[in-house]
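Each remark here refers to the structure printed beneath this line.
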Amino acid sequence: ASNLTDLLKSITNVDVVQYPGYNSYFSIRGYKPTESKYTIVLIDGVPAGTGNISTLSLGDIEQVEMLKGPFSALYGSDAMGGVVNIVTKKNKGALTGSIKGSMGSNQSAKGALNLGGHIWKGLSFDASADYAMSSRNYKTGNHNMLHMSKIDKAIVGEDTYGVRMPGSRSNGFSGKFRLGYDFNRNWSLDFTQMEFLGKDLPIGGNIWSAYGVRKKDITRHSSKLELKGRVKNHNLFLAPYYSEYRTETYNADSDDAFVQTDSKLKTVGFVLNDNITFGKQSIAIGIDNKNELNKMNRFKKKDEPMAPYKPDYNNSSLGMYLQSNLKFFEDKLNVSLGGRYDHIMFKLKESAILNNAGKSESYNTFNPNLGLKYFILPELAFHSSYGTAFSMPNAYQKAGEFIANGTLTIGNPDLKPAKAQTIDVGFSFNHVESGIDLDLTYFYTWNKDFIIEESFKDETGQKCKTFKNADKAKKSGLE
């Protein structure tokens, strides 16, 4: 696996959709794979700032944790299908590192290096970088497993066999740097900076470039400060964070190439948590603040703006949660019980080019969860859980009123968040000595108020689009 996309493809009940040029998304338990809905991606417990998982490198990762099912009780909006948390390395021992590289067809090459460890007293660091490039356009047919049988020509087509795909060259760079200091055994402070730079990435299209050779540049910057401490039976965690994800698209075969669309997503917030232990029992209390600022510019010509697809908007949330993990009957029964209250705020920015007025909306929601696990035998356990989740609408879906591409978009102030309830039951068997680790789980999900688009024409014949809540849906599955 070269990135998170490749890794998630191998996990049961995870659907991945992947496009050319570092562009892929995933979903869990049957939800539609989209950029920022129904699943959450975290890095060390804070939002990754993007749903595009192909920009998340595996170069400096300790492990990847996955929660399947609704977890809005802990993580707020969009945790309907599940949560993926990427845990990065924190090497505080002896200085160590590695380097690797590879080369392949289409003049492609990959390389990665990482270095980290103890520097002086409580000071430590981690640094990693990986690079992938393909400096030659992809060529269909030729040098594949079916070449000798000539079946490949029937599959690819005579008119495209041996033709190179214009604009399929690309290169991407990922990097991470962490600097940390351990004040003593109980307190530590870490600063982490992560970067992704993708240049001249292909967008797609057909092999004849009927619509031109379109390209894009992707940049992602992420900064995080992490303070951990222990005071008696209190385990404290504070992590303020900031990230910016930017995509610029342009026509690469134009003599006067210019940026056609420029979209930015800024994410800023903090996570504050106290995990209180009472022997084998624990209770986590936390506050989670997240603010998303969405901005888009479009250009008809260089330095000549045109109406974007939607106005700029902010989504903000403040959540307070409590989660308990309790053990009974000599640790045979584990109980997880908790809930979260969220206050969601929307702010739609005024836009003269869209003739869109500034508006704001807000709502509140509460989501509980309950989990049980009982060990029938040391290796055999029964588990079951129930939880609720929600996915909040965007500000322009609630309060927008603007014309883009000849269509009038009308927000729905009565639009509710999409909601889900899930119950699952199953058995797990883990026998370390024989190398057997099995789990069988059945889940059933009720969905309500899914947000859908509805197109219509008003009395003047104007094309219109609005957003409504669907009635209900159900789905179930076996893992």
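The values are calculated or read from the model by the stated rules, or taken from the named source; none is laboratory data. Since this is a predicted model, take the numbers as computed values, not measurements. Note: ideal-geometry Cβ built from the backbone for every residue, glycine included; neighbour counts use all protein chains shown. For accessibility, only protein heavy atoms count, side chains too; no ligands or nucleic acids. Shrake-Rupley method; radii C 1.70, N 1.55, O 1.52, S 1.80 Å.
Criterion first (assigned to a strand (DSSP E or B) and either free of Cβ contacts under 8 Å to residues at least 24 places away in the same chain or not hydrophobic (A, V, I, L, M, F, W, C) (or both)) does GLU454 satisfy it? Yes; evaluated as a whole, the condition is true for this residue. Among the residues of the stretch 55-87 satisfying the criterion of being among the β-branched types (Val, Ile, Thr) and open to solvent by 10 Å² or more (accessible area, probe 1.4 Å), which is modelled with the lowest pLDDT? So, considering only residues that are among the β-branched types (Val, Ile, Thr) and open to solvent by 10 Å² or more (accessible area, probe 1.4 Å), the one modelled with the lowest pLDDT is ILE61. Out of ASP471, ASP449, one residue alone is under 30 Å from ASN291 (Cα atoms), open to solvent by 80 Å² or more (accessible area, probe 1.4 Å) and among the charged types (D, E, K, R). It is ASP471.
Checked against (1) out of contact with any Asp or Glu (no Cβ under 7 Å at 6 or more places or on another chain); (2) surrounded by fewer than 24 Cβ atoms within 10 Å (Cβ to Cβ); (3) at pLDDT below 90, LEU4 passes all but a single condition, namely (2).
Collect the residues in the stretch 299-313 that are open to solvent by 30 Å² or more (accessible area, probe 1.4 Å) and either assigned to a strand (DSSP E or B) or of a type in the set (Lys, Arg) (or both), keeping them in residue-number order. Hits for the stretch 299-313 are PHE299, LYS300, LYS301, LYS302, GLU304, PRO305, MET306, LYS310.
Note on the stretch 172-205: residues that are open to solvent by 50 Å² or more (accessible area, probe 1.4 Å) and of a type in the set (S, T, N, Q) total 2.
Filtering the stretch 351-390 to residues that are open to solvent by 70 Å² or more (accessible area, probe 1.4 Å), without any contact (Cβ under 8 Å) to a residue 24 or more places away in the chain and part of a loop (DSSP other than H, G, I, E, B) leaves ALA352, ILE376, LEU377, PRO378. In the set TYR321, TYR242, only one residue is closer than 30 Å to ASN369 by Cα, of a type in the set (Ser, Thr, Tyr) and open to solvent by 30 Å² or more (accessible area, probe 1.4 Å); that residue is TYR242. With respect to the stated conditions, LYS398 is within 24 Å of the chain's Cα centre (by Cα) and over 30 Å from THR441 (Cβ atoms).
Matching residues to (1) touching a Leu at 6+ places or on another chain (Cβ under 8 Å); (2) in a strand (DSSP E or B):
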position	(1), (2)
GLN63	no, yes
LEU67	no, yes
MET80	no, no
ASN85	yes, yes
ASN106	no, no
LYS110	no, yes
GLY116	yes, yes
SER128	yes, yes
ARG136	no, no
